[in-house]
Amino acid sequence: MQKYDYLIVGAGLFGSVFAHEAKKKGRSCLVIDKRPHLGGNVYCENVDGINVHKYGAHIFHTNDKAIWDYVNQFAEFNNYINSPVSISKGKLYNLPFNMNTFYQLWGVKTPAEAREIISKQIEEYGVKNPKNLEEQALSLIGRDIYETLIKEYTEKQWGRKASELPAFIIKRLPVRYTFDNNYFNDKYQGIPVGGYNKIIDGLLNGIETRTNVDFFKDKQTLESLAKKVVFTGKIDEYFNYEFGKLEYRSLRFENEQLNTDNFQGNAVINYNDSDVPYTRIIEHKHFEFGKQKHTVVTKEYPEQWTSKKEAYYPINNEENQNKFKQYKEKSKTRNKVIFGGRLAEYKYYDMHQIIGSALQKVKTEFS
Ligand code: UDP
């Protein structure tokens with residue numbers, strides 16, 4: 001009854017790239033997803049002409065020309081540059097931390113003046129080998145920025161103390177001594193014209209897909225349909241939680257359609273203060289320079305994860321990493337199952353990294 005070469009569980013970027021490449025190699029695939037749509041977390045819902053990023057803001061960026069060329073096969077990209085603004089105690093600050101931010105904080109006008117303040121604060125703190133996010137931030141950028149723009153945002157985002165979080169999370173944020181509000185350092189950046197669904201549709205063109213299918217409800221029958229399985233869901237769930245549950249951070253999105261053409265003047269505004277329950281407001285039209293008379297905004301509320309909620313961010317602390325290692329070891333014994341993507345690899349991946357990792361897996365599989 002093995003009708004397909006591959007059963008691909010999860011129609012997000014990893015599964016879709018794998019399916020696309022497998023098809024090119026002449027293999028047959030069935031892609032299933034438990035959601036009512038394809039695309040995983042990059043899925044966009046069109047609301048009166050505005051592409052709403054249904055599972056949080058997705059801004060494509062990469063330094064890798066091959067990955068940039070890869071996504072450009074399926075859609076043209078616009079020249080959107082992510083330049084979020086953060087609100088802290090009633091004042092606005094540019095992100096990432098750059099000369100505009102330093103001017104807003106201290107009134108300094110030159111890189112030398114900014115460096116002097118930051119170096120002094122780093123020296124005063126005096127930690128040389130940071131072991132957690134708080135120590136990392138204080139030893140990288142000093143106390144003022146940490147307290148104004150990082151601490152409260154981070155603690156509400158992750159629901160735990162910054163001193164209990166891994167340092168690497170904050171390494172995502174650049175620090176610059178130029179007046180440059182581009183959030184990313186990467187060479188290539190943009191939003192696909194027409195939304196992310198265009199990329200998913202291109203990847204899955206000509207491939208059999210089924211939505212509203214829960215793999216775990218019918219695991220045996222579904223697995224028997226194909227010679228191999230590509231699993232992109234939660235790895236702990238695949239192995240029946242035998243080494244314990246991995247933890248995640250969840251999000252809740254509150255969408256509102258407003259009768260104004262421009263609500264906040266930017267796609268992303270972050271809210272640092274702990275007494276504001278959401279971390280950011282996204283105004284979707286600005287990702288595509290929309291000219292509509294109305295707008296759609298989304299408030300993003302971080303939430304405690306339970307197994308009934310969407311798992312957005314892996315909590316990569318030591319305890320979870322140790323559990324994950326056991327799952328990973330076990331996964332090596334399943335030579336008919338390929339595990340990949342953010343949930344199966346338990347990794348805080350960006351889109352370009354997922355594509356990179358899927359292409360890598362494809363290379364190994366078809367070499
Ligand atoms: N961060 C912060 N203040 C901000 C934005 C981000 O302290 O205004 C920190 C926070 O710890 C967050 C991390 O930087 O978890 C990465 O944030 P980013 O927005 O880049 O990641 P995303 O949540 O979009 O994956």
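The values are calculated or read from the model by the stated rules, or taken from the named source; none is laboratory data. Note that the structure is a prediction, hence the values are computed from the model and not measured. We place every Cβ from the backbone using ideal geometry, glycine too, and count neighbours over all the protein chains shown. These area figures cover heavy atoms from the full protein model, side chains too; ligands, DNA and RNA do not enter into them. Shrake-Rupley method; radii C 1.70, N 1.55, O 1.52, S 1.80 Å.
Brief remarks on what is shown
- Qualifying residue in segment 62-84 (condition: open to solvent by 30 Å² or more (accessible area, probe 1.4 Å), at negative phi, of a type in the set (D, E, K, R) and within 16 Å of the ligand (Cβ to nearest atom)): no
- Test: residue in segment 122-137 that is more than 20 Å from the chain's Cα centre (by Cα) and β-branched (Val, Ile, Thr): yes
- Single residue of segment 258-303 satisfying the filter (open to solvent by 40 Å² or more (accessible area, probe 1.4 Å) and of a type in the set (Asp, Glu)) that is farthest from the ligand (Cβ to nearest atom): Asp261
- Within segment 117-132, the set of residues being open to solvent by 100 Å² or more (accessible area, probe 1.4 Å) and either more than 12 Å from Arg143 (Cβ to Cβ) or hydrophobic (A, V, I, L, M, F, W, C) (or both) comprises Lys128, Asn129, Lys131.
- Scan of segment 170-224 for residues that are hydrophobic (A, V, I, L, M, F, W, C) and farther than 21 Å from Asp64 by Cα, ordered by number: Ile170, Val175, Phe179, Leu204, Ile207, Val213, Phe215, Phe216, Leu222
- Filtered by the rule that a residue be in a loop (DSSP other than H, G, I, E, B), crowded, with 19+ Cβ neighbours inside 10 Å and out of contact with any helix residue (DSSP H, G or I) (no Cβ under 9 Å at 6 or more places or on another chain), segment 225-241 gives a lone residue, Lys234.
- Members of segment 1-24 found to be outside any helix (DSSP H, G or I), in contact with a helix residue (DSSP H, G or I) (Cβ under 8 Å, 6 or more places away or on another chain) and not hydrophobic (A, V, I, L, M, F, W, C), listed by number: Asp5, Tyr6, Gly10, Gly12
- Meets criteria (part of a strand (DSSP E or B), over 16 Å from the mean Cα position of the chain (by Cα), surrounded by fewer than 17 Cβ atoms within 10 Å (Cβ to Cβ) and at pLDDT 95 or above) for Glu329: no
- If the condition is being within 12 Å of the ligand (Cβ to nearest atom) and assigned to a helix (DSSP H, G or I), then segment 156-182 contributes Lys156, Gln157, Trp158, Ala162, Ala167, Phe168, Ile169, Ile170, Lys171, Arg172.
- Condition check for Tyr55: buried (at least 17 other Cβ atoms within 10 Å of the Cβ), touching a residue at least 60 places away in the same chain (Cβ under 8 Å) and either away from the ligand (no atom under 16 Å from the Cβ) or under 30 Å from Lys198 (Cα atoms) (or both): yes
- Qualifying position, being farther than 18 Å from Thr178 by Cβ and of a type in the set (A, V, I, L, M), among Leu105, Leu92: Leu92
- Qualifying residue in segment 203-224 (condition: under 19 Å from the mean Cα position of the chain (by Cα), open to solvent by 40 Å² or more (accessible area, probe 1.4 Å), away from the ligand (no atom under 16 Å from the Cβ) and at pLDDT 95 or above): no
- If you filter segment 183-202 down to residues that are aliphatic (A, V, I, L, M) and outside any loop (DSSP other than H, G, I, E, B), you find that the one that is farthest from Gln73 (Cα to Cα) is Ile200.
- Scanning segment 179-191 for residues that are more than 16 Å from the chain's Cα centre (by Cα) and open to solvent by less than 50 Å² (accessible area, probe 1.4 Å) yields Asn181, Asn182, Tyr188.
- Residue pairs whose Cβ atoms lie under 6 Å apart, separated by 6 or more positions or on different chains, with the first residue in segment 278-291 and closer than 19 Å to Tyr183 by Cα and outside any strand (DSSP E or B) and the second open to solvent by less than 10 Å² (accessible area, probe 1.4 Å) and away from the ligand (no atom under 16 Å from the Cβ), are His284/Ile50; His284/Val52; His284/Val296; Lys285/Ile50; Lys285/Thr295.
- In segment 164-178, the qualifying residues are those that are without any contact (Cβ under 8 Å) to a residue 60 or more places away in the chain and open to solvent by 50 Å² or more (accessible area, probe 1.4 Å), and the one that is farthest from Pro302 (Cα to Cα) is Lys171.
- Neighbours by Cβ (under 6 Å, 6+ apart or cross-chain): first from segment 134-155, touching a residue at least 60 places away in the same chain (Cβ under 8 Å) and more than 8 Å from the ligand (Cβ to nearest atom); second open to solvent by 10 Å² or more (accessible area, probe 1.4 Å) and of a type outside the set (Gly, Ala, Ser): Glu152/Asp273
Okay, residues lined up against (1) hydroxyl-bearing (Ser, Thr, Tyr); (2) within 30 Å of Lys187 (Cα to Cα):
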residue	(1), (2)
Trp305	no, no
Glu310	no, no
Ile315	no, yes
Tyr327	yes, no
Ser331	yes, no
Tyr348	yes, yes
